[in-house]
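Remarks on the structure that follows.
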Number of protein chains: 2
Amino acid sequence: MTIPFTPVVASLPAVIPFVGPETLERRSGRSFRARLGANESAFGMSPKAKAAVLAELERASWYGDPESHDLRKALARKHGVGMENVMVGEGMDALLGYTVRMIVDPGTPVVTSLGAYPTFNYHAAGFGGDLLTVPYRDDHEDPDALLEKVRETGAQLMYLSNPDNPMGTWHDAARIQALIGAVPDHCLLILDEAYIDFAPEGTSPPIDTANPNVLVMRTFSKAHGMAGMRVAYAIGHADLITGLGKVRNHFAMNRLAQAAALASLNDTDFIARVVAEVEAGRQETYDLAERLGLRALPSATNFVAIDLGSNDRATAALQGLAEMGVFIRMPGVEPLNRCIRVTIGRPGEREIFAEALTDVLQSL
Amino acid sequence: MTIPFTPVVASLPAVIPFVGPETLERRSGRSFRARLGANESAFGMSPKAKAAVLAELERASWYGDPESHDLRKALARKHGVGMENVMVGEGMDALLGYTVRMIVDPGTPVVTSLGAYPTFNYHAAGFGGDLLTVPYRDDHEDPDALLEKVRETGAQLMYLSNPDNPMGTWHDAARIQALIGAVPDHCLLILDEAYIDFAPEGTSPPIDTANPNVLVMRTFSKAHGMAGMRVAYAIGHADLITGLGKVRNHFAMNRLAQAAALASLNDTDFIARVVAEVEAGRQETYDLAERLGLRALPSATNFVAIDLGSNDRATAALQGLAEMGVFIRMPGVEPLNRCIRVTIGRPGEREIFAEALTDVLQSL
């Protein structure tokens, strides 16, 4: 018997977008001393979010509200949009998957940057999309090149993250606004703002829910320190949100996560402290790189890309760091893969990283 | 601009499989006194699972292990299968969706029972499947009719739950084993065992991971009291699990939920107590029905279907109960919809239900 897979699924490779740090630990038989590879927040969840988890724990046997009503209402207020413009989902990966599914059939052209978020590519390929890429320009995603590729191919979906992962670079709101204004009618732009909390004022363009060409995505996994809880949201035209509602899993939200996200959203002081800590850590990382004779890329995220000059050196550094118990990651494609990418840790973790990187460089 | 939805998504109605109790509460402006409509466990999570959540809370800012290694290993041991035969997922609805996606293209024939789990139908329709149904026979899903429909249509996917939701009825393992043996080579059977913990010994057939025609699904949402945590798993041939791995969201698991599920799995005493409480509650519900001159269907689940004799009476009873603050549900199609379906609550909730149903019947 042959399992009756669809042609698309039958043709997919059995790859995964990322190997988890636990897998690496099992392979090596050792625990990492510093977990700085997945851009998880080193500063944890808000104490108010933790309290909300505890308060909700006795109701963990109840399904979460499939409308995520209270969280959605708070998000709509925060962004000055209607509740019909907000979709809460079980992490941004899930929302990316639903959005791709909504637009992409086998052969549909999809445009992104070569080296940008692999899980978007995983979904695009997973639904049979024809994934087309344009290179980064000076370590930034390149809105002009993306647009040109969209026009050239008639692509129906395009992806841009601002700030960018894995380089940490960003464009200002005016540049993104210009991109939005130029997206052709036949195309939907996913604007991934996962790291926006760490970016300077003036990085995020205003949200126009009358425009059906853009879907903005944000997450509680980064500044809110809730990666393990799985909460993200999309904001856009009501027709986009209705479309997502046709394909999403309605009861997918963890009930404790809904409560935690709402509490975290209201704890703006906590988020401000996390952002300040991350800024301090970025500066420390820039300084470290300078001391070591390396160039760190200015970052608007909770991680910093450090240029090692070549892919061989970057790969060797990553390997050496892993052997010293430091988990980081690096970009997967040229020319980005001359860099390593380190998440901003707490002071103790930053010290471990600084010492390990110093040692590793001496052995390169 | 028209959003470039796929033809399948464009054609889907904006319906949802279930309206959540919170939505009903918001509509009425009143909280339910007894929440007995979603087959959530009234007996909560294991204290060990709660302790595991607390112990993991400081790591909620870390993504869950994408392999769910420890939980999968424990599940593999419990079922006497290899880890390569187990897929952990973010709730059974998600696993059903991934499985449908793996098999169903637009027009693919899919067979289920008329009135069986609506979320399976939601996914089958959501991927453009041609949903074909056969009626229940004597309030049981009908393996022979399902098989015949599969043979007649060349269906590539079929669904059966044992025990059944929404009627609570079940077949013994021998009957299910006979079905499994007769599934044609061109078809995959999803055997949904969400309620198996409440069923008599001898309800679940042995799992044969050499057979690529069957995928068994189980959940932590029912006996384990973890509906709000989102943990389920599928067991089957390694090629099926590999196929699911090509389409699933690898980082979808809530980290606290992984820890809680593992702890709950090891707390077999707790599950035995829950099952005993549910048995007592079922008997009490049978007795209540008899006192009220109604027939309750024997159930192997944590709910009981009570026959009101007609859809009009059942609908009126459900409505009357809702007005008295009691949330229950009822089957959606004839002839099942002559029944109401009540989840087994704690003694206090059962008392509220008994009094309310008694009152409601007097007004019918």
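With respect to A:Arg26, determine if the residue is open to solvent by 20 Å² or more (accessible area, probe 1.4 Å) and facing chain B (nearest Cβ under 8 Å). Against the criterion (open to solvent by 20 Å² or more (accessible area, probe 1.4 Å) and facing chain B (nearest Cβ under 8 Å)), A:Arg26 qualifies. For A:Leu215, the conditions (1) surrounded by 24 or more Cβ atoms within 10 Å (Cβ to Cβ); (2) over 20 Å from A:Ser68 (Cα atoms); (3) among the hydrophobic types (A, V, I, L, M, F, W, C); (4) at the interface with chain B (Cβ under 10 Å from one of its Cβ atoms) are fulfilled apart from (2). Just one of (1) within 14 Å of chain A (Cβ to nearest Cβ); (2) touching a Phe, Trp or Tyr at 6+ places or on another chain (Cβ under 7 Å) fails for B:Asp142. It is (1). Within the range B:10-23, the set of residues being open to solvent by less than 50 Å² (accessible area, probe 1.4 Å) and closer than 28 Å to A:Phe220 by Cα comprises B:Pro17, B:Phe18, B:Gly20, B:Pro21, B:Glu22, B:Thr23. Taking the range A:218-240, which residues are farther than 30 Å from A:Glu277 by Cα and buried (at least 23 other Cβ atoms within 10 Å of the Cβ)? A:Gly236, A:Leu240 - these are the residues of the range A:218-240 that are farther than 30 Å from A:Glu277 by Cα and buried (at least 23 other Cβ atoms within 10 Å of the Cβ). Of the residues in the range B:234-250, none is part of a helix (DSSP H, G or I) and within 30 Å of B:Ile352 (Cα to Cα).
If you scan the range A:246-305, which residues turn out to be polar (S, T, N, Q), within 21 Å of A:His140 (Cα to Cα) and open to solvent by 50 Å² or more (accessible area, probe 1.4 Å)? Hit for the range A:246-305 is A:Gln283, nothing else. Looking across the range B:345-364 at every residue that is aliphatic (A, V, I, L, M) and out of contact with any Gly (no Cβ under 6 Å at 6 or more places or on another chain), the one that is modelled with the lowest pLDDT is identified as B:Leu364. When B:Glu201 is tested against (1) of a type in the set (Asp, Glu); (2) within 20 Å of the chain's Cα centre (by Cα); (3) within 14 Å of chain A (Cβ to nearest Cβ), exactly one condition is not met: (3). Counting residues in the range B:327-344 that are under 18 Å from B:Glu284 (Cα atoms), modelled with pLDDT of 95 or more, under 23 Å from the mean Cα position of the chain (by Cα) and of a type in the set (Lys, Arg) gives one or more. The set of residues in the range A:50-78 being touching a residue at least 40 places away in the same chain (Cβ under 8 Å), more than 10 Å from every other protein chain (Cβ to nearest Cβ) and surrounded by fewer than 24 Cβ atoms within 10 Å (Cβ to Cβ) consists of A:Ala51, A:Ala52, A:Ala55, A:Arg72, A:Ala74, A:Leu75, A:Lys78. Restricting the search to the range B:29-49, which residues are more than 10 Å from chain A (Cβ to nearest Cβ) and either open to solvent by 10 Å² or more (accessible area, probe 1.4 Å) or β-branched (Val, Ile, Thr) (or both)? Within the range B:29-49, B:Gly29, B:Arg30, B:Ser31, B:Phe32, B:Arg33, B:Pro47, B:Lys48 qualify.
Scan the range B:307-321 for residues that are out of contact with any strand residue (DSSP E or B) (no Cβ under 8 Å at 6 or more places or on another chain), in contact (Cβ under 8 Å) with a residue 12 or more places away in the chain and not in a loop (DSSP other than H, G, I, E, B) and jot them down. Residues satisfying the conditions are B:Asn311, B:Arg313, B:Thr315, B:Ala316, B:Gly320.
Conditions (1) small (Gly, Ala, Ser); (2) within 11 Å of chain A (Cβ to nearest Cβ), marked per residue:
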position: B:Ile103; (1), (2): no, yes
position: B:Thr108; (1), (2): no, yes
position: B:Ala116; (1), (2): yes, no
position: B:Phe127; (1), (2): no, yes
position: B:Arg137; (1), (2): no, no
position: B:Val150; (1), (2): no, no
position: B:Tyr159; (1), (2): no, no
position: B:Ala174; (1), (2): yes, no
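Among the residues making up the range B:322-364, those that are charged (D, E, K, R) and not in a loop (DSSP other than H, G, I, E, B) are B:Glu323, B:Arg329, B:Arg338, B:Arg341, B:Glu349, B:Arg350, B:Glu351, B:Glu355, B:Asp359.
The values are calculated or read from the model by the stated rules, or taken from the named source; none is laboratory data. Just so we're clear, the structure is a prediction, and the values are computed from it rather than from any experiment. Here Cβ is always computed from backbone atoms with ideal geometry, including for glycine, and neighbour counts include all displayed protein chains. To get the accessible areas, we keep the full protein, side chains included, count just its heavy atoms, and leave off ligands, DNA and RNA. Shrake-Rupley method; radii C 1.70, N 1.55, O 1.52, S 1.80 Å.
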